[in-house]
Every structure is written in structure tokens, then in C-alpha cells.
Amino acid sequence: MALLVQKYGGTSVGTVERIENVAERVIRSRREGHDVVVVVSAMSGETNRLLGMARSIDPNASPREMDMLAATGEQVTIALLAIALQKRGQEARSYTGAQVRILTDAAYTKARIREIDTRRIRDDLREGRVVVVAGFQGVDAEGNITTLGRGGSDTSGVALAAALKADECQIYTDVDGVYTTDPRVVPNARRLDKVTFEEMLEMASLGSKVLQIRSVEFAGKYNVPLRVLSSFEDGPGTLITYEDNGMEEALISGIAFNRDEAQLTIKGVPDAPGVAYRILGPVADGNVEVDMIVQNVGADGTTDLTFTVHRNDYDKAMGILRKVADEVGAREVSGNARIVKVSVVGVGMRSHAGIASTMFGALAREGINIHMISTSEIKISVVVDEKYLELAVRTLHDAFGLDKAA
Ligand code: ADP
Ligand code: ASP
Ligand code: MG
């Protein structure tokens, strides 16, 4: 008998019928003798609908009220699932994040979990109940409702699994595991049996939205056995695990991409100590997060700097950069909001040379121009024009032999 935390995402609870399907799946786990804590997301599209209503009143609505509003989405699904379980003769109780007491900091819309009180959950499990917890939400020390950022139910699931020392955290979604790349872009993508925490963290950070970044961080930190599975069909899914010697040493595990990027360039900046600080300091002060940064080698006493930001921050960053350019006497400021980042990820890269040249060669053959490059031990990222996204991903997927075995 095991203790399982099962998280079901928006599509998996997208209709009443699907919620009933989740109830069936949970009951099957109970019949196999397991204790089950279920974490659910809002019905698919609901969080967007809620936030959209608020923005239609005021695009700058206060984050506290945005969280108050967004948290209602999950409150609907926990109740419906508990009702579906009870109808089937399975005792169940639903709880909001605040009721459990998932204590978070006070950073509305991106709160971090500090502590989870597991007493109520444990009591219910002891009584043979299934416990249904609202994902994506918590409560701060003052009793305000907070949310954990988009996709945050994954993190709720993993954090609950860590707090309860569950035997496995199962993330049920609309794909049957983690693939070599988003199967919506490359139909030939292959499901991975296993992927390391490190690789999954890179893939999530580089844009693969199958798991929220924080959930992977959390699982790695607290050693939570984490599995991604389909809520629609049975299968082994993908296990996220530590690197072990027995693992098939794939050179590249996957291709990630991020459509949310924009690029800004400042040219002809006087080349002196502190240039990067004078330019990027004000950007950071404006609360704009910078992703990739490239500074050119100075020539004629001046230099250029290019960096990327989230597309939503493009206008804001451009405003700041124009001001900075005036102050430091730069020659010119330009930008491009129609770029994307494509990355290849794999721990096998550590011990193999030539990955970069394979990557650049494949892109060159398709005539895809690379604007920026950045590397780390286990990933190489390039910035390319948005129109080449699908082509670049498919080309690289093919170049690294990631397609399904023919
Ligand atoms: P949920 O609502 O269950 O949380 P998400 O939409 O957040 O589901 O995540 C699942 C989606 O992630 C899939 O439908 C798929 O399109 C996308 N995705 C992106 N990259 C990958 C990948 N490498 N493997 C599997 N799915 C991926
Ligand atoms: N409902 C929230 C969202 O759409 C949380 C989640 O689905 O994980 O972002
Ligand atoms: Mg998700």
C-alpha cells in the first residue's frame, strides 16, 4: 500500500464527464489499496476566463484581488470531484489551500509555499477518505489568499507529496509523459521513459510547459518521486529521476522552445567599465527580468549589448533602454519582439563535443539565421526569428535522431 498524490490538470477536469473519469481513476487506485490525495486544477480555460474578466475592468487590477478571483477556479473542481467520488460510495473531502493551510509568502500571483500543515489530511486518510485539495493556491500569514503562478497546481502536488512523504507524485495530464519535444509541434516526438531532474528543470525553464519550473525544483530538492502520466489512457508515463549509471546515455534528451521572448539591442555605447551595469541596472530596477545577454567585443571605443526579456515586458524594457541610451550617449536602440528561443537539452552533452556544431549546421542548412547563442553545461539555446520556430524545432529533433524509432 502506498500513499499517492495525484494531480489532474485543467484538460483532465475540463468537463463534468472528465471529472467523473478522474473519480473512476482515483477509485481504481483506492481499490489497489493506496491512500490517495488528489490535487486538481481549474477546468481548462477557466483561469484565463477569470483573469480576462478582471482585466476587462482594469488591466492593472490589484494582485490581491486577482488571486482572490483566480483561486475560485480550483474551488469549483475540488467540490465537483468530491461529489463524484461520494456518488460512487467513496468518502471524500475537498479543501481549499487556505483550509489545509498551505502557508505561502505574500507575493501575490507568484507566491512561494513555506509550509504545509498535513494534520487534517492525515486524519482524513486515516478515516479512509480521499482528500481533494485545490491546486495553485495557498494563504499568507495574514490570511490573504495567494496563488502560485500559472501552472502552479503542479507545484501544489509536489509540495503536498513532499510534506506527506508520499511514495509518488503523479502528474496526470493530456499527454502520456514527457516527450523529446512538444508533441503538438513535432508529431513524431518520442515519450521518454525517464528524464533527470536536471534535464527536466532545464526543459521547463526553457519553455516546456508540461511541468511548472518550481514543481521540478521542489521535487529535486525534497527527493519526491515524480511521474507524468495521461489521465485518458493507461501507461507507464515518464519518471523524473536522479541520474544513474543505468540510464541510457542519450546525448540530447529534448528540444525546448519559448515563444514569449523579445530582443533589445543598444549600439554604440561608450566602452568603459560598468557599461553592462549602467544599462541592465535600470532594466532590473524596472522589475524586468533579463534572460539572455550578449555584449560584443568593443571596437573604436564603443560596444553593443543585446538582451532578451519576456515579450510582455518588451515595451517597458524599450522605454527604459531609450532613456538609458540618452544618458550614456549610445548611438542607437533597436528591438525585435518576433523572436523565439529554441534549446537542445541533455546531460550527455557534458561528455561530448560537437553538439553545437551539429546544431548550427542543421539550422544553417535550412537557412535559419541565428541571432543569439547561449550555452550551459547541459543546454545550448539559440534565438531565431519567430517564423522559423516550427522548422527549427523539427530540424533539430531530426538532426539529433530524436524521432520515434521508425
Ligand atoms: P495541464 O493542464 O494538465 O497542467 P499543460 O497544458 O500545463 O497540462 O501541460 C501539458 C502540455 O504540455 C501538453 O499538452 C504539451 O502540448 C505540452 N508540452 C510542451 N513540451 C512538452 C514535452 N516535452 N513533453 C510533453 N508535453 C509537452
Ligand atoms: N489553473 C491554474 C492555471 O491555469 C493552475 C494550473 O492549472 O496549474 O495556471
Ligand atoms: Mg500545467
Any chance residue 125 is more than 16 Å from ligand 1 (Cβ to nearest atom), of a type in the set (A, V, I, L, M) and either part of a helix (DSSP H, G or I) or at pLDDT 95 or above (or both)
yes
Just checking, how many residues over the stretch 12-55 are over 23 Å from residue 219 (Cα atoms), β-branched (Val, Ile, Thr) and under 25 Å from the mean Cα position of the chain (by Cα)?
5
Taking the stretch 23-46 as the region of interest, how many residues are within 14 Å of ligand 2 (Cβ to nearest atom) and either surrounded by 22 or more Cβ atoms within 10 Å (Cβ to Cβ) or in contact (Cβ under 8 Å) with a residue 60 or more places away in the chain (or both)?
6
Among all residue pairs at least 6 apart or on different chains, which show Cβ distances below 6 Å where the first residue, located in the stretch 171-192, is farther than 24 Å from residue 136 by Cβ and the second is more than 16 Å from ligand 3 (Cβ to nearest atom) and polar (S, T, N, Q)?
189/180; 189/181; 190/180
Residue 185 vs. criteria among the aliphatic types (A, V, I, L, M), within 16 Å of ligand 2 (Cβ to nearest atom) and either more than 24 Å from residue 39 (Cβ to Cβ) or in contact with a Gly (Cβ under 8 Å, 6 or more places away or on another chain) (or both):
no
Considering residues of the stretch 188-209 that are surrounded by 21 or more Cβ atoms within 10 Å (Cβ to Cβ) and within 15 Å of ligand 2 (Cβ to nearest atom) only, the residue nearest to the chain's Cα centre (by Cα):
204
For residue 102, state whether it is within 16 Å of ligand 2 (Cβ to nearest atom), farther than 20 Å from residue 14 by Cα and β-branched (Val, Ile, Thr).
yes
Qualifying positions in the stretch 304-340 - within 22 Å of the chain's Cα centre (by Cα) and part of a helix (DSSP H, G or I):
311, 312, 313, 314
Criterion violated by residue 146 - all others in (1) farther than 25 Å from residue 18 by Cβ; (2) more than 14 Å from ligand 2 (Cβ to nearest atom) satisfied
(2)
Would you be able to say whether some residue in the stretch 227-248 is within 16 Å of ligand 2 (Cβ to nearest atom), out of contact with any Ser or Thr (no Cβ under 7 Å at 6 or more places or on another chain) and of a type in the set (Val, Ile, Thr)?
no
Which one of these does residue 370 not meet: (1) over 30 Å from residue 288 (Cα atoms); (2) surrounded by fewer than 19 Cβ atoms within 10 Å (Cβ to Cβ); (3) β-branched (Val, Ile, Thr)?
(1)
Within the stretch 68-116, how many residues are more than 16 Å from ligand 1 (Cβ to nearest atom), buried (at least 23 other Cβ atoms within 10 Å of the Cβ), under 20 Å from the mean Cα position of the chain (by Cα) and not small (Gly, Ala, Ser)?
2
Only residues in the stretch 138-153 that are over 12 Å from residue 41 (Cβ atoms) count as the first member; pair them with residues that are in a loop (DSSP other than H, G, I, E, B) and within 14 Å of ligand 1 (Cβ to nearest atom), Cβ under 8 angstrom, at least 6 apart or cross-chain, and list the lot.
138/148; 149/212
Scan the strands (runs of 3 or more DSSP E) fully inside the stretch 135-174 and keep the ones with 1 or more residues being aromatic (Phe, Trp, Tyr) and within 16 Å of ligand 3 (Cβ to nearest atom).
168-173
Can we say residue 182 is buried (at least 17 other Cβ atoms within 10 Å of the Cβ) and assigned to a loop (DSSP other than H, G, I, E, B)?
yes
Pull out all pairs, ordered by first then second residue, where Cβ-Cβ is under 9 Å, the residues are six or more apart or on different chains, the first lies in the stretch 199-211 and is at positive phi, and the second is within 13 Å of ligand 3 (Cβ to nearest atom) and not hydroxyl-bearing (Ser, Thr, Tyr).
207/182
In the stretch 47-87, which residues are within 14 Å of ligand 2 (Cβ to nearest atom) and of a type in the set (Asp, Glu)?
67, 74
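The values are calculated or read from the model by the stated rules, or taken from the named source; none is laboratory data. The structure presented is a predicted model; accordingly, all values stated were derived computationally and were not measured. Glycine also receives a Cβ, built like all others from the backbone with ideal geometry; neighbour counts cover every protein chain displayed.
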